[in-house]
Structure formats: structure tokens, C-alpha cells
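Report on one structure; see the data block that follows.
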Amino acid sequence: MSVLPRILGPLLSLGLSGLGALGCVRVHVVPAPSAVQSVAPEDAPLSPYDAPRPRAESMNTEYYLGSEVDEAAGFKSFAQQIQAIQDHQSASQDQPVQRGFHGKGHGCLQGTMTLLPDRDPRTRFGVFADAHEGWPVWVRFSNGVGWKQADRTLDARGMAVKLMGVPGEKLIADEAATQDFLMTNSPAPVGRNAEEFMRFAHTNSRGKPQTIGYALTRPRTVLPAVTKTNAVDSMLAIQYWSGGAYHLGAHQAVKFTSRACEASERTPSRKDPDYLRTDLQDAAQEELCFTFFVQLQVDAKRTPIEDAARVWDPSVSPELPVAEIRLPAQDFTSAEQDGFCDALSFNPWHSISAHQPMGHINRARRFVYEASRAHRDGGLEPQAPVEPAAEPEADPAAEPEEGPEAIEDTAPPAP
Ligand code: HEM
């Protein structure tokens, strides 16, 4: 296949991508930074084994308007826009108000994230620190647009992981004991920053010719993400990336990525509009396994933070395996569990300071995700999932064991 159709196919379909729904939305354009302010860490670098500080400072972060506070005014405008987008999508698709993006979930599966005992010492911070062995998790697989459409339609795909029972002060208060990791199947999001993300959305709302023109004139910052929107065979057959950067402890920035532990060929019929869910259901008859990797920032040029559209090349920053996400055989398809899954809220700011989101695109998400959640039915903090495997009868007199299974009360999951 020549390169052009591969590029133009997704571009021509962008009217379906949900971003075309933005016609009614005014975009607040944040002026380009005149002077970028670099914030240096206050203290000398910590050794990899030092506990992260309670408030990880903005290591290597550059505020576009000079300070976090000044930026926030622009982000509040983005938050208003996402709610207008949700309303517009609801009306134009004749569907209930739902997530501004990633409206269609293929399912929420429960399992565990188990830390790899031989993980790189430089990765042992936060939830990957030596003190931990692993965590109960919920994983939500999704399509990218903010409404439900057939899976064969060109779109981004999402994998959102919620660790349960995570102690420590959270960066936002709406969930007490979770740590979320959000990924899509593109190593770079659209745009270097949230301003470009929103400008792309605005341009796209004016129609396909403008969108094509916009994307083709931005081969570095827009095309890489757009060309990843081809239909996929299976949620197990693709790799997922964080796109933006995150702290890993006070003085290291990382991106993260995940893919199935072993490649498997899956070729479901795409006639089924929900074939990605059907395929997932079929695959979940047996345990599913994903490896979770981090990439360490190497330097500001090849692995930048503020420019999210710059892919961190694994030849420069290798993918270091830190954990396995194991989802035991399960049926996740009950109506109750689907309702629970729809109600969940994943947010990169559901985080302890050791994993604080970094970069303009991530700082904007603190405002936008909360606005999207508040505008739909959602926001439920789940209880720690119960191991699906049969468990012995609880002995009320027994002391709770150490480890992730004993985190919080093992109250049944919300479904
Ligand atoms: C930087 C790369 C990004 C990645 C990897 C990413 C990934 C995701 C994923 C996986 C979800 C689905 C979460 C779930 O299953 O509930 C999601 C939801 C969402 N994303 Fe992003 N996203 C990115 C950037 C952005 C940006 C820049 C914006 C807007 C400024 C945005 C707006 C949203 C919204 C509004 C939701 C729905 C939130 C809710 O209602 O719960 N995302 N994102």
C-alpha cells in the first residue's frame, strides 16, 4: 500500500472522529510563550532509592505563560469547551451525554498489576517502589471518540488502568486510593501541547478539506497520531502509549507504554459493530497479560516534556519492563458491570506526587477531565476488585495479610 492512502484514509474519516463536532465551540488560543520559564528542582538530585517527596516539584517543566496559575485561565476555557462538545455530540449522535472522548468502552476487566522483581533500579519509585509487589487493577478498553460507533470506523483506541488501594496524598481529591495510567495506541498525541490539540479540534470542525490541509502541513505534530486511527483487529494486538510525560519520583521524567506479553494473531470479523468487545470477551476466556514499560527521559532534546508530539524513540530511551498486568479469565459483560464501567472516571491526575503528570498537554487535562466527568453520570471511585478465582471463606478472627490483596477492605467491586 502506498503511503498516501494510509495517510489520507484516516484524514478523510476525521469527520467521524468526533472532533468535527466542535463547530459550535470557541477555542481559547493561548499565545505562544514569549519567555519560557524553566523551573529547576529545589534540591540536589535524589538517589533512586530515596522516597519521592510529598509534592514533586515541576522538574523540567516549562510553564507557557510563566506560571502554573497563569496557564490555568486558558485551561478553564478548555474545560468549558469540553462540556459544549459533550452536549453537541450528544445532540448530533442522539446519544446520552457521555465522556468528551473515549465514550465507547469495550469492557472493564479486573486483575492485578504485579511488579517484576528484576525491574530496573531507576524505576523503583511511587507504585513501582521496593515496598510494593503489586496492585489490584481495573482496566477499561475504549474507542477514542466521545460517542458510540461501529468499531470498524477509523478511530484511536484506549487502555486505561486504575490501580486500587494506593496510599498517599493524591494530586486531586476526588479519589482517595487510586493511581491511573491512561494510554492510547499512538506514541504521540495530536499536537505538541493542549493549545495545538484544541486548535486541531477547532480546525477539524470546519470540515475535511481544512483538516486535511491542517494535518498535511503539520507532518510532525499531527500526522503521526492521525495515521494511527486505522481500524484494528483486536485490543490485544496493539501497543498503547502515555503520549505525555510523567514524574517517576522527584527527579526523573518518564513516558509509559504497554502491550500484550505475547503477540497473538486475532482476526475477528469486522461486520460485528462491536467486534472489539466480542474479541475481548472471547480472549478473556483465558488469562490476558500485558507488560507495562517505562521509558526514562534521556535529555531535553531527544526526549522532551513540553513537546508531547515528539516520540521518545525506544532506541534512545529503551522500554524498561516494570510490571505485568494480568487479567484472569472472566466474564465482564453483565449489564451491571457495563454500567459500572461507564461510570468510572480515569484521570491522569488521579495520582500520587511520585507520578505527577508533566507538560502543557497534561496540565490541561487536570481541568478538562474533571469537567467532562462532572458533565456526565460518572465519578464513582471503585472498591478494590475481588480476585475472580474462588477464595476460601473469610475467617473474621484472622489477621489481614500483607500485600495488595489485603489493601483496604476487600469490599466487593461496585458491579
Ligand atoms: C496526552 C495523551 C492522551 C492520552 C494518552 C489520552 C488517553 C485517554 C484515555 C485512554 C481516555 C479514556 C479513559 C477511560 O477509559 O475512561 C481518555 C479520556 C478523555 N480524554 Fe484523553 N488522552 C490524552 C490527551 C487528552 C487531551 C489533550 C485532552 C483534552 C485537552 C483529553 C480529553 C479527554 C477527555 C475529556 C476524556 C473523557 C474523560 C471522562 O469523562 O472521564 N485527552 N483519554
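The values are calculated or read from the model by the stated rules, or taken from the named source; none is laboratory data. Nothing here was measured: the structure is a model prediction, and the numbers come from that model. Here Cβ is always computed from backbone atoms with ideal geometry, including for glycine, and neighbour counts include all displayed protein chains.
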With respect to GLY243, is the statement that it is modelled with pLDDT under 95 and either in contact with a Lys or Arg (Cβ under 8 Å, 6 or more places away or on another chain) or not in a strand (DSSP E or B) (or both) true? no
Go through region 317-348 and give me each residue that's within 16 Å of the ligand (Cβ to nearest atom) and buried (at least 21 other Cβ atoms within 10 Å of the Cβ). ILE325, LEU327, PHE332, CYS341, LEU344, SER345, PHE346, ASN347, PRO348
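So that you can scan it fast, the table gives a plain yes or no per residue for (1) over 19 Å from the mean Cα position of the chain (by Cα); (2) within 16 Å of the ligand (Cβ to nearest atom); (3) touching a residue at least 60 places away in the same chain (Cβ under 8 Å):
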residue	(1), (2), (3)
ALA250	yes, no, yes
SER258	no, yes, yes
GLU265	yes, no, no
PRO273	yes, no, yes
ALA284	yes, no, yes
LEU296	no, no, yes
ALA309	no, yes, yes
Only listed residue being within 16 Å of the ligand (Cβ to nearest atom) and not in a loop (DSSP other than H, G, I, E, B), chosen from VAL232, VAL254: VAL254
Pairs please, first residue from region 79-96 and on the phi < 0 side of the Ramachandran plot, second anywhere and surrounded by 18 or more Cβ atoms within 10 Å (Cβ to Cβ) and acidic (Asp, Glu), Cβ atoms under 8 Å, 6+ apart in sequence or on different chains. ALA79/GLU370
Could you check, for region 182-190, whether at least one of its residues is under 19 Å from PRO321 (Cβ atoms) and more than 19 Å from the chain's Cα centre (by Cα)? no
Pull up region 264-302, narrow it to residues that are closer than 27 Å to VAL137 by Cβ and among the hydroxyl-bearing types (Ser, Thr, Tyr), then point me to the one that is modelled with the lowest pLDDT. SER264
Give me the residue from region 369-382 that is buried (at least 18 other Cβ atoms within 10 Å of the Cβ) and more than 7 Å from the ligand (Cβ to nearest atom) and, out of that set, modelled with the lowest pLDDT. PRO382
Could you tell me which residue of region 350-362 is farthest from LYS76 (Cα to Cα), considering only residues that are within 16 Å of the ligand (Cβ to nearest atom) and part of a helix (DSSP H, G or I)? HIS355
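Residue by residue, here is whether (1) part of a strand (DSSP E or B); (2) within 21 Å of PHE141 (Cβ to Cβ); (3) aliphatic (A, V, I, L, M) holds:
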{"site": "VAL322", "(1), (2), (3)": "yes, yes, yes"}
{"site": "ARG326", "(1), (2), (3)": "yes, yes, no"}
{"site": "CYS341", "(1), (2), (3)": "no, yes, no"}
{"site": "PRO348", "(1), (2), (3)": "no, yes, no"}
{"site": "ALA364", "(1), (2), (3)": "no, no, yes"}
Count, please, the residues in region 168-190 that happen to be away from the ligand (no atom under 15 Å from the Cβ) and in contact (Cβ under 8 Å) with a residue 60 or more places away in the chain. 6
With the structure loaded, tell me whether GLY111 is buried (at least 18 other Cβ atoms within 10 Å of the Cβ), closer than 21 Å to TYR246 by Cβ and either within 16 Å of the ligand (Cβ to nearest atom) or modelled with pLDDT under 95 (or both) or whether it fails that test. no
